[in-house]
1. What does the convex hull of the Cα atoms of the chain come to per residue, in Å³, rounded to a whole number?
2. State the extension gain, in nm to one decimal, for the chain segment bounded by Thr110 and Met8, taking 0.36 nm per residue of separation less the distance between their alpha-carbons.
3. Read phi for every residue in region 130-144 and hand back ³J(HN,Hα) as whole Hz from Karplus 6.51 cos²θ - 1.76 cosθ + 1.60, θ = phi - 60°, with x for Gly and Pro.
4. Where does each of Ser78, Ser166, Ser143 land when they are ranked from fewest to most other beta-carbon atoms within 10 angstrom?
5. Rounded to whole Hz and in sequence order, give me ³J(HN,Hα) for region 155-169 from the Karplus expression 6.51 cos²θ - 1.76 cosθ + 1.60, θ = phi - 60°, writing x for Gly and Pro.
6. Work out the FRET efficiency for Asp148 and Lys38 from their Cβ-Cβ distance, taking R0 = 41 Å, and round it to the nearest 0.05.
7. Using a Gaussian network for the chain with springs between C-alpha atoms less than 10 Å apart, which of these wobbles most: Lys131, Lys38, Lys93?
8. How many lysine pairs does the chain hold where the Cα atoms are under 13 Å apart and the two sit 8 or more places apart or on different chains?
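Please treat every number below as a calculation from the coordinates, not as lab data. The structure displayed is predicted, hence computed values, not measured ones. Ideal geometry is used to build each Cβ from the backbone, glycine not excepted, and the neighbour counts take in all protein chains shown.
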Amino acid sequence: MALTESKMMELGTVAPDFNLPDTKSGVHKTYKDIQGVKGTVVLFLCNHCPYVIHVNDELVKIAQEYLNNGIGFVAISSNDADNYPDDAPDMMKIVATVLRYPFFYLYDETQSVAHAYDAACTPDIYVFDEKDQLYYRGRLDDSRPGNDKPLTGKDLRLALDLLLRSEPPMQKQYPSAGCNIKWKK
């Protein structure tokens, strides 16, 4: 699998809305449904990517910590499930249940939401402020499968801490990296 970096959407961009089914409940959710009062984290994930598998536990920890501080979280998979059946909604439901995702895991079948966010890889991480303007986009931290760096979530945690303190965003933001989104032909 080729390592792909996120495209780094321009800071200040307003969060694109969506209306996608949650794979656990089957209920459609919009951006407003998951929006936090102090900020919102939108994660593009999938089930089979080794980069996502590597960070899943840390993402769950971070969500559990920050949900109580007014930060909303959602995960979206936009992969082509016909050619990547491990990423199909029924499999997403299993992953979300087993890993105890404390956030909705939505399926973007048309891939229109991934295009609206200019998502490129899994994981791709976006943080929006209380006005729904992009505040942070990039990596969780510098740990990758096999590089022996500890998984801490330090970059995302710092961004969320700064946001909660109403401070300006980090000057230097590094792109996320992982498997490319599996686009339909």
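1. On the way: hull volume 19.7 nm³, N = 185.
It comes to 107 Å³ per residue, whole-number rounded.
2. Going from the current span to full extension adds 34.5 nm.
3. Working through the residues one at a time gives 5, 9, 6, 9, 4, 10, 8, 8, x, 8, 6, 6, 9, 7, 9 Hz.
4. On the way: Ser78 28, Ser166 9, Ser143 19.
In order of increasing Cβ crowding within 10 Å: Ser166, Ser143, Ser78.
5. Once θ is set to phi - 60°, the couplings for region 155-169 become 5, 5, 4, 4, 4, 5, 5, 4, 4, 5, 8, 6, 9, x, x Hz.
6. My answer for the efficiency is 0.75.
7. Fluctuation is largest for Lys131.
8. So the count of such lysine pairs works out to 4.
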